[in-house]
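One structure below.
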Amino acid sequence: MINCTSDGTCLIATVKDLCYLAVCVNKGDDCAGKTFKLVDDIDLTGVDFTPIGNDENNFNGTFDGDGHTISNLRINSSGDGAGLFGYVSKGGTIKNVNLSNVNISGNDYVGGLIGFNSGSVSNCAISGTVNGSKNVGGLVGWNCCGFVENSTANTTVSGNEDVGGLVGDNGGKIKNSTANATVSGNEDVGGLVGFNCEMIENCTVNATVSGNDIVGGIVGLILGVIKNCTSNTRVSIKN
């Protein structure tokens, strides 16, 4: 059991606590109305970690990293929704989380922090390697109607389609965020976002980007809006 304070905030202090949260959510408790706060750094070296939330049971609560660091997260999956959080729904909030030295592999919806996001992400930072097939991003795989702000990815990201240093596929809003990344893919590949059909604003990209088709320094395929973004990128076409 996770220790909770009198105001209802549940404290995540150990590897066991974090794994227990994953079990609870994946068995059907979406944690709506609940707040979880990280109260210490957590090292996941050697832990076979299962993402928090799956396609049937999304996380719908608040997770506050409180500036602490989760390090050495390893996920090697053949399925969809790989990341610290697999699936976050519209009412979910992830904030103030630092992830260090992640190594994440999956199929579709693959991100260091969140695979599939419909919620809110703010003040988060990540470093490490992320690999997948489609909708692959350093921080978030698919930002589907979600909101990402004030976050940074220092990542190496690879995939096939919709691959980005920060977000693979953006169908929501991204503001005031930065990608320092090496990104490679086949189609719809970008230093910040692989495929954008909504809004990106006030973002910075420092990246090396390579792909075969529809490749860009900030965004690969653009069907949405990009405002006040800066890019220092090297782009190459593989073919």
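Read the figures in this text as sums done on the coordinates, not as results from a lab. Quick caveat: nothing in here was measured; it's all calculated off a predicted structure. Cβ atoms come from the backbone with ideal geometry, glycine included; neighbour counts cover every protein chain shown.
Along Cα→Cβ, 7 Å out, is where each label goes; now give me the distance between the ones at Ala13 and Asp40 in nm to one decimal.
Each label point is offset 7 Å from its Cα along the Cβ direction, giving 0.7 nm.
For segment 53-121 and segment 188-239, compute the distance between their C-alpha centroids and round to whole Å.
22 Å
Tell me whether segment 1-117 comes out rounded, prolate or oblate; compute the Cα gyration tensor, take square roots of the eigenvalues as a ≥ b ≥ c, and use a/c under 1.5 as the rounded threshold.
Cα axes put segment 1-117 in the oblate bin.
Normalised by the residues of segment 9-237, what does the relative contact order come to in percent, with Cα pairs under 8 Å and at least six apart?
So the answer I get is 11 percent.
Taking trypsin sites (Lys or Arg not before Pro) as candidate sites, keep only those in a DSSP loop with at most 14 other Cβ atoms within 10 Å, then name the longest stretch of the chain containing none of them.
91-237
Most exposed first by the Cβ proxy, i.e. fewest other Cβ within 10 Å, how do Leu73, Leu192, Leu18, Leu84 rank?
Going from sparsest to densest Cβ surroundings: Leu18, Leu73, Leu84, Leu192.
Could you work out [θ]222 nm for the chain from helices alone, using -39500 (n - 2.57) per DSSP H run of at least four and dividing by all its residues? Round to the nearest 500 deg cm²/dmol. Spell out each step's value before the answer.
Working: 1 runs with 12 residues, N = 239.
Theoretical 222 nm ellipticity from helices: -1500 deg cm²/dmol.
Using a/c under 1.5 as the rounded threshold, could you call segment 190-239 rounded, prolate or oblate? The axes a ≥ b ≥ c are square roots of the C-alpha gyration tensor eigenvalues, and prolate needs a/b larger than b/c, oblate otherwise.
oblate
In nanometres, what is the gap between the two model label sites at Thr129 and Asp29, each 7 Å from Cα along Cα-to-Cβ?
For Thr129 paired with Asp29, the spin-label model returns 3.5 nm.
How large, in Å, is the chain by the Kirkwood hydrodynamic radius built from its alpha-carbon pairs?
16.9 Å
Within straight cross-link reach of Lys90, meaning Cα distance under 22 Å, which lysines are found once same-chain residues fewer than 8 apart are removed?
Within the straight-line cut-off, Lys90 pairs with Lys27, Lys34, Lys37, Lys134, Lys173, Lys175.
When only alpha-carbon atoms are used, what values of Rg and Dmax, in angstrom, describe segment 77-160?
11.0, 31
At a 10 angstrom cut-off on C-beta neighbours, averaged per residue, how do the peptides 139-145, 179-185, 163-169 rank from highest to lowest?
Per-residue mean Cβ counts within 10 Å order the peptides as 163-169, 139-145, 179-185.
State, to one decimal in nm, how far the label point of Ser100 lies from the label point of Asp55, with both points 7 Å from Cα in the Cβ direction.
Result: 3.5 nm between the two label points.
What number comes out for the charge environment of Lys95, summing +1 per Lys or Arg and -1 per Asp or Glu over other residues with Cβ under 11 Å away? Provide the component values of the computation, followed by the final result.
On the way: positive: Lys37; negative: Asp64, Asp66, Glu149.
In short, -2.
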